[in-house]
Amino acid sequence: MNIIIPALVLAGLGFILGFLIFIVEKYFNVEENPNIEIVFDMLPKYNCGACGFPGCKEMAIGLLAGDNNTTQCKPLKKEDADLIQQKLDAIFSSKEQS
C-alpha cells in the first residue's frame with residue numbers, strides 16, 4: 001500500500017502536466033510558412049554550416065526572406081540550385097500578384 005500512493009500521485013501529476021502541455025500548445029501554436037518545408041526538402045540537408053547558417057532549415061528561411069542566394073550552399077549541385085531558384089521565383093511572383 002505504501003508504494004501505490006506515490007505511484008498514483010506521480011501518475012496524476014504526469015496526466016495534469018501532459019494536459020497543460022496540450023493546452024499550451026493548442027493556444028500558443030505558431031504556424032510556419034509552408035514554403036519553408038518545400039525549400040528545405042530541396043536542399044541537401046547536410047547541415048554543414050558552410051553557407052553561414054546553422055543548418056539547412058535556417059538556410060531555407062533565409063532564402064525565402066531574400067537574405068541570401070543558393071550559391072552560398074557549398075554542397076548543393078548546380079542543377080538543384082537552379083531548381084530551387086525557379087521555385088523561389090515562383091513563390092515570389094505569386095506573392096507579388098496577391
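The values are calculated or read from the model by the stated rules, or taken from the named source; none is laboratory data. What you see is a predicted model; the values in this text were computed from it and never measured. We place every Cβ from the backbone using ideal geometry, glycine too, and count neighbours over all the protein chains shown.
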Return the residues of segment 47-98 that are basic (K, R), modelled with pLDDT of 90 or more and not in a loop (DSSP other than H, G, I, E, B); say none if nothing qualifies.
K57, K78, K87
Answer with yes or no whether E31 is closer than 30 Å to Q72 by Cβ, within 31 Å of the chain's Cα centre (by Cα) and either surrounded by 10 or more Cβ atoms within 10 Å (Cβ to Cβ) or modelled with pLDDT under 95 (or both).
yes
